1. Per residue, what volume in Å³ does the convex hull of the Cα atoms of region 100-213 enclose?
2. Is any helix in the chain, taking whole DSSP H runs, at least 15 angstrom long along its axis by alpha carbon and on average at least -1.0 on the Kyte-Doolittle scale, and which ones?
3. Considering only protein heavy atoms, what is the solvent-accessible area of V73 at a probe of 1.4 Å, reported in Å² to the nearest 10?
4. Add -39500 (n - 2.57) for each DSSP H run of 4 or more in the chain, then divide by its residues: what number comes out at 222 nm, to the nearest 500 deg cm²/dmol?
5. Please list log₁₀ I(q)/I(0) at q = 0.19, 0.23 Å⁻¹ for region 1-71, using the Debye equation with identical point scatterers on the alpha-carbon positions.
6. With every protein chain left in place and a probe of 1.4 Å, what is the accessible surface of V176, to the nearest 10 Å²?
7. With point charges of +1 on the Cβ of Lys and Arg and -1 on the Cβ of Asp and Glu, referenced to the Cα centre of the chain, which listed residue (H140, Q183, I87) lies farthest in the positive direction of the dipole?
8. Rounding to the nearest 20 debye, state how big the charge dipole of region 7-116 is about its Cα centre with +1 on each Lys and Arg Cβ and -1 on each Asp and Glu Cβ.
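The values are calculated or read from the model by the stated rules, or taken from the named source; none is laboratory data. Predicted model only: the values in this text are computed from it and were never measured. Positions of Cβ are generated from backbone atoms using ideal geometry, with glycine treated the same way; all protein chains shown enter the neighbour counts. We work out accessible area using only protein heavy atoms, side chains counted, and drop any ligands, DNA or RNA first. Shrake-Rupley method; radii C 1.70, N 1.55, O 1.52, S 1.80 Å.
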Amino acid sequence: NKFFYDENSYNYHTFAWLNVAKKIGGAKIISLTKQHVINWNNKKYKTYSFVWESDLIAKRLINLIFNFDFYAVSATNDEKEIFRSIILKHYFVLKLQMKFIKSRNEQSIEITKALLLFHLINKLQTEKIFQLINVQLNTHINSDGLHKSVNPCTHAEYINDLYEIKNMCLYFNVKVPKKIDYQITNMSSVLKNLFHKDKTIALFNGSNNANYE
């Protein structure tokens with residue numbers, strides 16, 4: 001589908017198509033997906049292009065890790081080393097970019113989520129990341145429990161990010177910060193109030209019933 005595979009498409013560079021490919025499944029799709037990852041890497045996009053923006057790096061890193069068992073299932077040892085080097089490159093570039101952000105608490109929660117995932121898998125120190133998450137929750141969410149963007153879609157995506165962080169903690173037997181559990185409940189209650197009785201969405205800040213799902 002061109003929506004996912006067009007090189008000029010934002011979705012192509014998020015590697016969101018890995019999730020689609022995994023749902024379709026099959027030996028042919030696995031082979032095609034594996035080759036797409038390698039081809040993307042071989043194009044060696046310039047570091048100053050939009051492809052290496054921090055949010056895009058974070059999305060790719062998460063999708064590469066979450067779907068590793070799918071696209072690398074039939075990979076040779078050499079191909080697996082290529083995949084691991086791609087993942088490592090994304091992590092180190094993201095870490096480097098974070099050093100130039102003046103206010104870390106303003107960065108996307110998805111970036112923090114990507115770094116946390118990598119640290120948990122590789123048994124690296126996570127205390128500072130959890131401290132940052134606590135600060136971000138105070139910064140990103142207003143006193144009414146609504147995401148500061150006041151955008152229902154962004155609000156819903158943020159709840160999803162918090163659920164994924166919680167699931168990571170549960171999977172790696174790490175204590176879930178109380179503030180994450182609280183904000184999942186708090187923000188979900190607010191989101192529920194944005195729906196009318198006929199289950200349509202309150203139309204403001206770019207929300208419309210086309211993105212209901």
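1. 120 Å³
2. Details: long enough: 27-42 (23 Å, -0.26); 54-66 (18 Å, 1.02); 77-98 (32 Å, -0.11); 109-121 (18 Å, 1.69); 127-140 (20 Å, -0.12); 152-171 (28 Å, -0.28); 178-192 (21 Å, -0.46).
Those that clear 15 Å and a mean of -1.0 are 27-42, 54-66, 77-98, 109-121, 127-140, 152-171, 178-192.
3. Approximately 90 Å² for this residue.
4. Computed mean residue ellipticity for the chain: -19500 deg cm²/dmol.
5. Log10 of I(q)/I(0), two decimals: -0.74, -1.08.
6. 20 Å²
7. Farthest towards the positive end: I87.
8. 140 debye
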